[in-house]
Structures are given as C-alpha cells and as structure tokens.
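What follows draws every value from the coordinates through simple rules; no lab data is involved. What you see is a predicted model, and the numbers here were worked out from it, not measured in a lab. Positions of Cβ are generated from backbone atoms using ideal geometry, with glycine treated the same way; all protein chains shown enter the neighbour counts.
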Amino acid sequence: MKKPDEKKSIKLTKTVVDALPLPRQGQVFVWDSETKGFGVRLNPTGISYIAQGRVNGQTRRATIGKHGPFAPDKARKRALELLRDMANGIDPTLEKRRKKIQGVTLEDVVKAYISDRDLKANSIRDINKHLDSSFQEWKEQPITMITRDTVLDRFRELSEKSKAQANQGFRILRGLINYAQATYRPGGRPIIIENPVKVLSDAQLWHVIQPRARKIPSDKVGMAWNVLQSIKDTPSVERPGHSMVDAVRFCLLTGARWGEVTGLTWDRVDLEDETWFLPDPKNHQPVTLPLSSHALEMLKNRPRMEGNNYVFSSNKSKSGRIGPGRFVTNQVSTALGIEISPHDLRRTFRSIAADCGIELWKTKLLMNHKLSGDVTLGSYTEKSDLRYLQPEAQRIGDWVLRQAQIASNDKVVDLERARAGKT
C-alpha cells in the first residue's frame, strides 16, 4: 500500500495554505514548522487541519476541521489543546466517539433495541407507547441524563394514574438502559455505570399488581352467546360488527388471544382437516390447533372479501381487519351486568374447560401456554400438532352451545333493553 506523500515542514499561514496544490489522488501531508504535530492533510477534494501525536506509545491523528471555516491560527490553537490531551494519555478519537455516544437519545436507543430484536407487534407497540407518553419529556434527551432522582419523580407521577402502567413503563425503560449499557461502550467503558431504574428495586417501590381474574361466569356463558347472536341479527349491524361477533365467539370456543384471532388469515385455516394454524404465537412455537364442529361451521359460514385474506375481515379499516372488539364486548357487558373485555374471553375458556373436566395440561396446550412444573410432560408431549385434542375442543364447544340453549329456554335476552340498561 502506497504511503501518503509527506512534504517538508513550513510555517502554515493562510497565504501558504491557500497556495498548496491539491493532489490528483491520494493524500499529502504538510507539517507546520513552528508547532510540532500540527499540519494539513490535502486530498483531491480539499484541505483539512490535523493534529498528530502519541497516546500511550501509539500514534494518533485527529482532524480539526476544513481550511476555510478554520483559519490557521484558530486551527493551531485547537491543535495545541489536542496535543496536550494526547500527552496526558487522552485519545482524541476515542473522546470524540465517547461524546457522540453520550449524546445518544432515548429514542435512538429504542430504535436500535427494536432493530436488534425479533419482537412481537404488541411488544413494539408497548415500547413506543411509553416512549411517546410516559417518557415523552426524555425522548429527545441523552439517555445519560436519566438519573435515579428523575426516575423516582416520574415513577411516582405515573403511579398516581395507573400503578400497572407505571410498572410496565419502567420495566421497559430498565431493559432499554440495560441494552444501552451493553452496547454503547466506547473504549470498553459503558456510558452508563448504573441503571438508574435500580432505585425502584433498592427502595422496594415496584407495585404489587394482582393478576386479573375477570371472566364471564359459567352460569352466564349461555346468555353471552345468545347476546352475541342478537347483535348479529340486528339489521343495523354491518360487516365489521358481524366479524367482531364471530371473533368473540371464536375466542370463546378456542381460548385464542384476541390478536391471534383478528390476525387469522384463510391460508392458516384448513376446513377439510378441521384445524387452524398459528405460525408465530406469543411463545414462538408454531402450532396446529383443532376446531370443534361449532367453530368449523362458523368459519364455513364466514363471508370472504375479495382482496382481503383475513378471516374476520372489515371493509371499513385500512388494514382490512377488525379492531379491538369493544363494540361487541361492551354490549355483552351491559347485557350481563358485568365488565368484560376481549382478553377476558381467554380466562372464560379456561374456566369452561375446567367445567368440562378437561385436564389442565390439555387446556394449557389448547390455549398455547407453555407446560411447566412437570419436566417429563413438557419434554415428551406433542406440542406442535394438537389435532389429538379435538375431542377436548369438541367438548368445550358442545358445553357452550348447550348453555346457550338452556339460557334461551330460560330467559330471552331483549338486546335493546339490555343496551338501555333496563332489566
């Protein structure tokens, strides 16, 4: 490799530097005769001032700036500062990188964190939600400015609104800062010595959140099913409403997560094999699941939209899929006199399975939960193809429809009165 040309030293003045010819290719260095280590680097596109010295026995060269914006006298003064730092063991290149990294914002860290990981859409949504709300004031600030004191103050503010959201937000922040500690290390030294979120553990401030146990009571499941049918029979309810009703029913019959149901596409449903498929569920284990005859019949009767592959489709959304489902579950809540959300359907399914006498490990598999507590069961049980649990899925479907028949014979639900809050 050809070395850059070196020219004899000369006192660098503006007149001298202006007169230096640019090389056609490569680099040429001209050194100042008065200040050792101060010079200019010439290449085909321009001239830059530089300082070159030794740091711990190794040669280091730092760029000061381009000729023009920098005059020789100003550049020489800066060179003396850099050469003094080098003599004291400070690497200017490393310091420049350190200062740049120390300016990395919380938003920068979030982007890198998400890019480096294969995260679920819900996880990305939660991270960005807290970035834009819980930590909006810190979003464009260097992450190094987040301190134990600011963490304490913000955690207390968020806790007044929602203890659960405060916990979630700061657990996310803790993970982001741990990531920054591990990845932003100029010269092998982390830019953050201690994760400031640690103060919440040190002071034992994390909130104890009781897990939700909300579900449709067993004696009201039949009524809920009939309410869903009433919604679907209402003339004013359009395609998205019909899709939401069937999606809620599908959740009750399968125990699936709402996002799994709303994201279900026809290519993952096999009506002949009576199965449906989740390629990338929450536990990252692809699984084929059985369909009861009731779920199968519902899917066969689902209309298909041209150019829309979603099973529970909507002609009123840009994505082509239905939304959160509150339109339906709010009406069920009113009719039953209890508060119900789409996620509560999953707990309801588990309760129904228990009423049907289905073993817990089979219920967990149908709900695509990880098996825990029994190593042998977890290691040797088939978990990717659950067609062998079709009898259990059928028992659950039969139970739900039987409860609907019982409720229908016992009491007819007046949907309009239920919506009005009347008994």
Exercise for the section: Take every Cα-Cα pair in segment 146-194 and report what % of them are more than 15 Å apart. Expected result: 52
Problem - Under 14 Å, Cβ to Cβ, from residue 284 - net charge with Lys/Arg +1 and Asp/Glu -1 - result: +3
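State whether segment 218-419 is rounded, prolate or oblate according to the following rule on the C-alpha gyration tensor (a ≥ b ≥ c being the square roots of its eigenvalues): a/c under 1.5 gives rounded; otherwise a/b larger than b/c gives prolate, and the remaining case gives oblate. Before the final figure, lay out each step's value.
On the way: a/c = 1.91, a/b = 1.28, b/c = 1.49.
Oblate.
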Practice task
Can you give me the span-like helices of the chain, meaning DSSP H runs with 27 Å or more of Cα extent along the axis and Kyte-Doolittle mean at or above -0.5?
Solution key: 163-183
Handout entry: Subset of 111/364; 111/316; 300/383 violating a 28 Å alpha-carbon distance limit
Key = 111/364; 111/316
Fill in the blank from the handout: At q = 0.20, 0.29 Å⁻¹, the log10 of I(q)/I(0) for segment 296-344 from a Debye sum over equal Cα scatterers comes to -0.81, -0.99
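If I take all pairs of Cα atoms in the chain, what percentage of them are more than 35 Å from each other?
Of the Cα pairs, 54 percent sit more than 35 Å apart.
Neighbour counts of other C-beta atoms within 10 Å: give me 231, 192 arranged from fewest to most.
On the way: 231 21, 192 17.
The fewest-first ordering by Cβ neighbours comes to 192, 231.
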Exercise for the section: Starting with the fewest neighbours, write out 24, 185 ranked by other beta-carbon atoms found within 10 Å of each beta-carbon. Expected result: 24, 185
Fill in the blank from the handout: Other residues with Cβ under 15 Å from the Cβ of residue 205 give, with Lys and Arg +1 and Asp and Glu -1, a net charge of +2
Exercise for the section: Name the most mobile residue of 55, 269, 245, meaning the one with the largest mean-square fluctuation, in a Gaussian network model of the chain with Cα contacts below 10 Å. Expected result: 55
Fill in the blank from the handout: The base-10 log of I(q)/I(0) that the Debye equation returns for segment 5-90 at q = 0.10, 0.16, 0.24 Å⁻¹, one scatterer per C-alpha, is -0.22, -0.57, -1.18
Completion exercise
Within the set 41, 154, 125, GNM on the chain using Cα springs under 10 Å gives the largest fluctuation to 41
Completion exercise
Percent relative contact order for segment 73-163, counting Cα pairs under 8 Å at least six residues apart, stands at 30
Exercise for the section: Would you tally the net charge around residue 394, using a Cβ to Cβ cut-off of less than 13 Å, leaving residue 394 out, and scoring K and R as +1, D and E as -1? Expected result: 0
Handout entry: Residue among 74, 129, 282 with the largest mean-square fluctuation in a Gaussian network model of the chain, springs linking Cα atoms under 10 Å
Key = 74
Handout entry: Alpha carbon centroid spacing (whole Å) that separates segment 129-206 from segment 11-76
Key = 44
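Run lengths n ≥ 4 of DSSP H only: what is the helix-derived mean residue ellipticity at 222 nm for the chain, with -39500 (n - 2.57) per run over all residues, to the nearest 500? If you can, show how the numbers build up before the last one.
On the way: 18 runs with 199 residues, N = 423.
It comes out at -14500 deg cm²/dmol, rounded to the nearest 500.
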Exercise for the section: Would you mind ranking 388, 49, 184 by Cβ crowding within 10 Å, fewest neighbours first? Expected result: 388, 184, 49
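Are there GluC sites (Glu not before Pro) in segment 218-274 that DSSP puts in a loop and that have at most 12 other Cβ atoms within 10 Å, and which ones?
On the way: sites: 238, 260, 272, 274; in loops: 238, 272, 274.
Within segment 218-274, the qualifying GluC sites (Glu not before Pro) (loop, at most 12 other Cβ atoms within 10 Å) are 238, 272.
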Practice task
Considering Cα pairs under 8 angstrom that are at least six residues apart, work out the relative contact order of the chain and quote it in whole percent.
Solution key: 12
Fill in the blank from the handout: segment 211-245 and segment 277-344 have their Cα centres apart by a whole-number Å value of 12
Exercise for the section: Counting other Cβ atoms within 10 Å, keep those with at most 15, restrict to DSSP loop, and tell me which GluC sites (Glu not before Pro) in segment 95-171 are left. Expected result: 140
